[in-house]
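These notes are about the structure you will find just below.
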Amino acid sequence: MRWNHRNRTAAFLLVSAALVSGCVTTQPEPLRAPEENPSAVLDTTYGLIDAIAQQAPAWVKNGPVLVATFVDVDQLEHSSTFGRAITEQASTRLVQLGFPVVEVKLRASLFVKQDTGELLLSREIGQIAHEQSARAVLVGTYAVGKRAVHINAKLIDPTQGTILAAQDSVLALDSHVKSLLR
């Protein structure tokens, strides 16, 4: 057999294909832990509140808004550093967006549980909102999953008990977020 240019090219392609196929693996890549991004909590909270603000009726900006501590969805009387941090960030973002937010930490009779935060229990929301002339109350929960934290926020009319705006978000459960959930 004579090795002309066409035969050499075909042989080269066959050998190259065989070598390359030996390098290909069929096993999936192992799951990697999410990369740590400390600003992800802030970015997620601000996105959540931006969505709430867009849904909120215009009249909510005319009166005070109370912000309750975000709590564990499975233990509504329990929060964490994570819950308290997103509460503070939510308050900040509402103020930045022009909502008049009442600082509930100044209220002596509010139910404050050590290491938990300001919890507005359903039976207290109407009374506190009435005393503060609040137009709305922001409440929120979080649920910790295997790879993510699911966050829910609702803006509630305290006199009617109706939801004025609501938004969900998901945050990757990286080592930074895990440290806040302790």
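The values are calculated or read from the model by the stated rules, or taken from the named source; none is laboratory data. What you are looking at is a predicted structure, and each value in this text was computed from that prediction instead of being measured. Neighbour counts are summed over all protein chains in view; Cβ atoms, including those assigned to glycine, are modelled from backbone coordinates with ideal geometry.
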Would you check which residues across region 135-152 are small (Gly, Ala, Ser) and either over 13 Å from the mean Cα position of the chain (by Cα) or surrounded by fewer than 24 Cβ atoms within 10 Å (Cβ to Cβ) (or both) and list them? Ala136, Ala143, Gly145, Ala148
Any residue in region 43-54 that is modelled with pLDDT of 90 or more and either at positive phi or not in a helix (DSSP H, G or I) (or both)? no
Condition first: among the β-branched types (Val, Ile, Thr) and either assigned to a helix (DSSP H, G or I) or at pLDDT below 70 (or both). Can you find one or more residues in region 154-162 that meet it? no
Anything in region 55-83 that is in a helix (DSSP H, G or I) and surrounded by 18 or more Cβ atoms within 10 Å (Cβ to Cβ)? List them, or say none. Val60, Phe82, Gly83
